[in-house]
1. Across every pair of different alpha-carbon atoms, what Kirkwood hydrodynamic radius in Å does segment 1-41 reach?
2. Could you derive backbone 3J(HN,Hα) for segment 66-76 from the dihedral phi with the Karplus parameters 6.51, -1.76 and 1.60 (θ = phi - 60°), listing whole Hz in sequence and x where the residue is Gly or Pro?
3. For the chain, give the percent of accessible area contributed by carbon and sulfur heavy atoms, probe 1.4 Å, rounded to a whole number.
4. Note down the magnitude of the dipole of the chain about its Cα centre, charges +1 on Lys and Arg C-beta and -1 on Asp and Glu C-beta and zero elsewhere, to the nearest 20 debye.
5. Would you mind getting the accessible area per residue of the chain, heavy atoms of the protein chains only, 1.4 Å probe, in Å²?
6. Which three extents, in angstrom, do the Cα atoms of the chain have along their principal axes, listed largest first?
7. Check ILE48: other-chain or 5+ apart residues with amide H under 5 Å from its amide H, H built from backbone geometry?
8. Would you please give the residues with an amide H less than 5 Å from that of ALA72, counting only those at least 5 places away or on a separate chain, with H modeled from the backbone geometry?
Amino acid sequence: VTFVHFGDHKVDGAPQLPLSEEARTRFQGQIDAVGALFVDTVARNRAISADQVKATQAAIFQGDEGVSAGLADAVMSPSDAFFALLDELGNPQQ
């Protein structure tokens, strides 16, 4: 495989090429920044600590596991969730 490209970083991360240490460091820095933003956003919006969010280690929580972890309020059907949101917003059309 031969890459014809413009820009020194255009093919960074291409699966056919070894990943340079510089590219790996740059990618990891970007991932860390986005991860920190995600942790802070979840912590703020779920009223839990950032340490509690980090402790999940990016695991997937389904159903009641998510509720127990403080990542969700309840498990319900989409239509029930919609009507619960309307109730919370004080929608008079119900």
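The values are calculated or read from the model by the stated rules, or taken from the named source; none is laboratory data. Keep in mind that this is a model prediction, so the values were computed, not measured. In this analysis, Cβ positions are derived from the backbone assuming ideal geometry, glycine residues included, and neighbour counts consider all displayed protein chains. Protein only, heavy atoms only, side chains kept; ligands, DNA and RNA dropped before computing areas. Shrake-Rupley method; radii C 1.70, N 1.55, O 1.52, S 1.80 Å.
1. Kirkwood radius, segment 1-41: 11.8 Å.
2. Result, rounded to whole Hz: x, 5, 4, 7, x, 9, 8, 8, 6, 10, 7.
3. 58
4. 280
5. Averaged over the residues of the chain, the accessible area is 82 Å².
6. 61, 31, 21
7. Those qualifying (amide H under 5 Å, at least 5 residues apart or on another chain) number zero.
8. HN-HN under 5 Å from ALA72: VAL67.
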